[in-house]
Every structure is written in structure tokens, then in C-alpha cells.
Amino acid sequence: MKKGNSNGFLQSILDSLFGKNDADAEKRRQLKNISKKLSKSRYNKFYKFQGNEALPTLAKFMYEIYKVIYPAQTMFQSVANPNVLKRLSIDFLTTEEIRNIEESISEENLIKMSKEIPIANLQAQAQERISTYSDFFTLEKITEIDGLYKQLICMKDFCTFDFYFFLKKFNKGMREADFNTMPNFEKINAEYILGELKDFMAAAWTLPLDIDWTNCIKLLRVYKGVEPVTLQNWKKVIQRIQSLKLSGTFEMMMKLISSDPSATVELSDSNPNIIEPHLDKIKGDAEKTINQLIAQEKAHKTGDICSQLFPNIEISNLKNYSENWNTTLKHKRLDTFNNVEALGYLKTFLLEIFKKNIREYYDIVLVRGQWETQPLSTSFSDAYNSLLQTADQIIQFDSELAEDGPIGIKIKTLLPKTDRDSSSKNIVNRLVNDANEAAYKFIVASTRNLITMGKIIKTLIEDYGKSKPQIIGNWKELDKYSEVPLKDVNMNLYKKIYLFSTLIKESLTKMEEEA
């Protein structure tokens with residue numbers, strides 16, 4: 001046998017005999033050292049390494065804490081909504097004035113105020129109050145509130161640890177919340193409480209141990225009317241926890257019970273930030289309410305205009321450039337027809353007023369009238385004829401969007417592919433936006449032409465009232481061809497054109513805000 005091989009063989013025998021590089025032996029050595037260290041701890045009566053036993057002294061220690069914090073435990077358990085603790089922390093460290101400002105911009109109060117003052121004024125007031133409210137929360141104040149909330153949730157996590165479940169393992173007959181006499185606890189297999197030890201450390205070790213708990217205890221008294229745990233008793237609990245934590249006893253027990261010298265417990269050291277989300281919500285809710293009130297006011301205003309402009313007339317929306325298509329497009333998350341409402345108003349106006357009332361007016365005033373000012377009659381005639389063409393173009397435009405129309409067929413064919421094919425999606429969006437652009441041009445061009453006619457009619461109203469008209473010389477003769485005096489006809493048409501232009505303005509503004 002070669003010398004080198006002989007040495008290697010001898011070394012392997014020595015390693016096996018004395019445990020050098022033996023992981024199990026090293027592990028046993030570490031556990032033995034941990035056991036020695038635990039035996040020197042002031043809490044050495046909690047656990048017995050030989051036999052792996054959790055001792056009654058541990059149960060008595062936990063029982064004393066349980067007895068003190070039980071009222072707080074029941075209180076925290078009754079708080080189902082975690083936002084309650086956030087609200088308590090904020091209210092405790094804010095002034096009555098600030099809380100009143102917050103109340104003033106609540107949804108209920110804003111709705112109430114909207115019935116008393118104009119929406120524009122309400123919006124300005126709300127913005128000013130939001131600014132004042134936000135300015136109160138300086139960095140110092142935010143830090144103070146966040147610190148109080150952290151104390152509160154740490155206390156909650158600690159107090160809601162299931163002490164009863166833990167203690168019942170040492171005394172199966174123990175009754176919950178019975179603190180008349182100390183229960184008779186027995187030693188148990190420590191493996192039964194390993195999970196609870198970890199849970200306890202996860203809750204207890206995150207407690208802020210070196211800070212003032214006065215405000216936190218005061219807050220609980222304000223919330224419940226009584227102190228679920230007095231400041232003095234809570235300080236004693238904190239001192240117990242601090243002493244236990246510094247000793248490392250539970251960590252050593254965990255390692256010994258699990259036979260894992262590297263065992264650790266995960267602790268979550270969170271630094272909650274509750275003010276920024278709170279401010280965002282206050283501001284967001286107020287702005288949402290204001291926007292809803294503005295929308296309601298506009299809808300009410302639009303409804304009033306429609307009732308004056310189209311009395312007993314149903315709005316004639318287009319068949320294809322409509323919300324029917326939009327339902328499908330929205331479902332596919334595609335662009336939608338966004339001028340449906342305004343184009344419906346235009347179509348209705350052209351059918352019910354332009355082709356009836358304005359056409360009759362045109363036949364009398366433009367055809368039979370003796371115009372002294374040619375440019376005005378030309379402008380009126382051009383605007384009128386342009387509107388006639390637009391009425392026909394809108395019908396043609398809508399027919400092209402029908403399911404059997406050239407554009408409608410393309411959209412219908414491509415729709416099933418848009419979920420998986422970006423090219424198809426882009427084409428549909430382009431077709432929809434082209435239609436929106438065309439609809440917008442119809443609306444704007446028609447409104448401009450009607451405004452042109454309205455301005456001329458306003459001039460004619462003034463001319464009609466003159467003893468010597470300067471624009472149309474035969475008003476009296478023209479009156480014979482109208483069932484209603486032309487003076488009234490002029491006034492009525494001017495009013496309708498004004499209402500229509502206002503209606504379109506409101507509709508387009510609403511569309512832009514929703515986009």
C-alpha cells in the first residue's frame with residue numbers, strides 16, 4: 001500500500017472517531033452550548049433540555065401577561081375593520097377644526113351644499129378646504145400619527161396572540177378568561193408549543209419597547225370610554241417583554257426544541273404610512289363628488305334645453321353611429337363613437353326644425369323677400385343649402401356604418417380578431433376614430449351655419465320693427481304668406497338656434513370631459 005493512501009485511510013478513521021467535519025456532531029455540540037447558555041438565563045425554568053420539556057414556569061409567565069391584556073384582546077378582536085385603527089390614530093392627533101373641515105368636504109355635506117350654492121362656488125370652496133386640510137399634515141405631524149398607528153397595530157398584534165390556546169396545552173381543563181385563581185399547569189412536550197413560540201416572538205418582538213405609550217393608552221380610553229389596560233400595567237408588560245427579548249430565551253428554546261441551532265423567526269418591521277393614502281382618498285372622494293354634481297347639473301341643464309327645443313319630440317339618434325355599436329366596442333376594449341349624443345341632437349334639429357320651420361321661413365323670406373342687402377341674403381342662402389347637404393351626408397355616413405355598409409362590414413369582420421391581433425385592433429380603432437372625426441365635422445360645420453343664420457335672423461328682427469326697413473322692403477307683404485306673424489317666427493327661430501348651439505356646446509364639453 002502506498003504511503004499516501006495509508007495516511008488518507010487513517011485520517012478517515014480518525015475523523016469518524018472524533019467527529020471532525022461531522023455535521024451532526026457539530027450540530028449536537030452547538031445545541032449543547034445553547035443548552036448551557038439557557039441554563040444560565042434568568043428564565044432557565046421555562047424549559048428542560050433533557051426530555052425536551054416546556055415547564056409550568058413558562059405557562060405562569062404567559063398567564064400573568066394574559067391576565068393583564070385580556071380586556072385589550074377582546075377589544076381588538078371586536079375591531080373587524082382595520083381602517084378603524086387608522087381613523088382613531090388620525091382623529092386623536094388632529095384638531096377639531098381640521099376634523100370639521102374634513103366633514104365639510106364629505107359626500108353628504110357637498111351634496112347638501114350643492115342645493116344652496118352654485119356648483120362653481122362649491123367647487124372653489126372644496127378646493128380651498130382640501131388645501132387647508134392637507135397643509136395641516138406637516139412632516140412632523142405625519143411622523144407623529146404614523147408612529148401612533150404603528151404602536152396601535154403592534155399592540156393589537158401582541159394582544160390578539162392566542163394566549164388561551166397556548167396555556168391550555170399546559171392545563172387541558174383551563175377555562176378561558178378565568179382569572180380567579182392561578183391554574184395548575186403541568187410540564188409538556190415542548191414540541192407542542194414550538195409554533196406558538198414563533199408566533200409569540202413574531203408579535204412581541206415588534207413591539208416598540210423604548211417609547212412612550214401614553215398617547216396610545218389614552219386613545220384606547222377615548223375609543224372605549226375605559227382603559228382596557230392601564231398605562232402602569234402595560235408598562236409592566238413591556239418591561240417583561242423587554243427582559244425576555246434581551247435574554248434570548250425564546251430563541252434558544254426554539255433552536256433546542258427544533259434541534260436546529262440555526263433556526264430563526266421572521267419579524268416584520270413595518271413603518272406604516274397612513275396619511276398619504278388618507279389625503280389622496282379625501283381629495284379623490286371630494287373631487288369625485290364635485291364632478292358627479294357638475295355632471296348632474298349639466299344633464300339637468302341639457303334636459304331643460306331639450307324640453308324647450310324639442311317639446312314632445314323624441315331625439316332621433318342615428319341607427320348605426322350609436323350606443324349599440326359602443327356596447328360591443330367597449331366590451332372589446334376598443335375606441336368608441338364619442339359624438340353619438342351631439343349628432344343625435346343635430347339630426348333631430350335638421351329633421352324637426354330645419355326641414356320644417358326653417359324651410360318654410362326660407363321659402364317666404366329668402367324666395368319672396370325683396371332684399372336690399374345682397375351679401376346677407378347670399379350668406380343666409382349658402383348656410384341654408386350647406387345644411388341641406390349635411391342632412392343628406394349624415395344619412396349616407398350612418399348607412400356606411402351599417403353591418404352591411406362598407407365600413408360596418410370591415411368593423412364586424414375584424415372585431416373577432418381584435419383580442420389576439422393588434423393589427424385588427426388598430427384598424428378598427430382607426431375606422432372608429434375616422435367616423436368620430438367625420439361626425440365632429442358635421443356637428444361643428446352645421447352649428448356654424450346655424451349661428452350664421454341666427455345672426456342674420458337677429459338682424460332681421462331689428463329690421464322688421466323699423467318703420468322703414470333697410471334689409472327687406474316688403475315685410476308686410478311677406479306676412480300674408482305666413483300663418484304666424486313673421487315677427488314671432490323670427491323670434492322663435494332665433495331662440496331655437498340659440499338653444500341648439502347651447503345644447504351642442506354642452507354636449508361637446510361633456511364628451512371632452514369623459515374622454
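The values are calculated or read from the model by the stated rules, or taken from the named source; none is laboratory data. Since the structure is predicted, the reported quantities are computational estimates derived from the model, not experimental observations. Positions of Cβ are generated from backbone atoms using ideal geometry, with glycine treated the same way; all protein chains shown enter the neighbour counts. Remember, those area values only see protein heavy atoms, side chains included, never the ligands or the DNA or RNA. Shrake-Rupley method; radii C 1.70, N 1.55, O 1.52, S 1.80 Å.
Observations, loosely collected:
- Checking residue 470 against (1) exposed (fewer than 13 other Cβ atoms within 10 Å of the Cβ); (2) free of Cβ contacts under 8 Å to residues at least 24 places away in the same chain; (3) not hydroxyl-bearing (Ser, Thr, Tyr), the condition it does not meet: (2)
- Residue 389 vs. criteria open to solvent by 80 Å² or more (accessible area, probe 1.4 Å), among the polar types (S, T, N, Q) and in a helix (DSSP H, G or I): yes
- Filter result (open to solvent by 30 Å² or more (accessible area, probe 1.4 Å), more than 22 Å from residue 178 (Cβ to Cβ), assigned to a helix (DSSP H, G or I) and not charged (D, E, K, R)) within segment 41-89: 44, 83, 84, 88
- Residue match in segment 260-272 (condition: within 19 Å of residue 209 (Cα to Cα) and at pLDDT 95 or above): no
- Any chance residue 97 is in a helix (DSSP H, G or I), open to solvent by 80 Å² or more (accessible area, probe 1.4 Å) and modelled with pLDDT of 95 or more: yes
- Verdict on residue 166 being out of contact with any Phe, Trp or Tyr (no Cβ under 9 Å at 6 or more places or on another chain) and either in contact (Cβ under 8 Å) with a residue 60 or more places away in the chain or surrounded by fewer than 17 Cβ atoms within 10 Å (Cβ to Cβ) (or both): no
- Candidate set from segment 286-315 (those that are crowded, with 17+ Cβ neighbours inside 10 Å and of a type outside the set (Val, Ile, Thr)); member that is nearest to the chain's Cα centre (by Cα): 286
- Answer residue from segment 105-120, given it is surrounded by fewer than 17 Cβ atoms within 10 Å (Cβ to Cβ) and of a type outside the set (A, V, I, L, M) and is farthest from the chain's Cα centre (by Cα) among those: 116
- Residue match in segment 263-285 (condition: within 30 Å of residue 63 (Cβ to Cβ), open to solvent by less than 40 Å² (accessible area, probe 1.4 Å), hydroxyl-bearing (Ser, Thr, Tyr) and more than 36 Å from the chain's Cα centre (by Cα)): no
- Search result, residues across segment 457-467 that are buried (at least 19 other Cβ atoms within 10 Å of the Cβ) and of a type outside the set (Phe, Trp, Tyr): 457, 460, 463
- Just one of the numbered conditions (1) surrounded by 12 or more Cβ atoms within 10 Å (Cβ to Cβ); (2) closer than 30 Å to residue 301 by Cα; (3) at pLDDT 95 or above is not true of residue 123: (3).
- Leading residue by the ranking (farthest from residue 472 (Cα to Cα)) among those in segment 319-374 that are without any contact (Cβ under 8 Å) to a residue 12 or more places away in the chain and of a type in the set (Lys, Arg): 333
One line per residue, one yes/no per condition, for (1) more than 30 Å from residue 102 (Cβ to Cβ); (2) part of a loop (DSSP other than H, G, I, E, B); (3) touching a strand residue (DSSP E or B) at 6+ places or on another chain (Cβ under 8 Å):
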position: 235; (1), (2), (3): yes, no, no
position: 239; (1), (2), (3): yes, no, no
position: 251; (1), (2), (3): yes, no, no
position: 254; (1), (2), (3): yes, no, no
position: 261; (1), (2), (3): yes, yes, no
position: 264; (1), (2), (3): yes, yes, no
position: 286; (1), (2), (3): no, no, no
position: 292; (1), (2), (3): no, no, no
position: 296; (1), (2), (3): no, no, no
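- Residues satisfying the stated conditions in segment 195-233, i.e. open to solvent by less than 40 Å² (accessible area, probe 1.4 Å) and outside any helix (DSSP H, G or I): 205, 206, 207, 208, 209, 213, 228, 229
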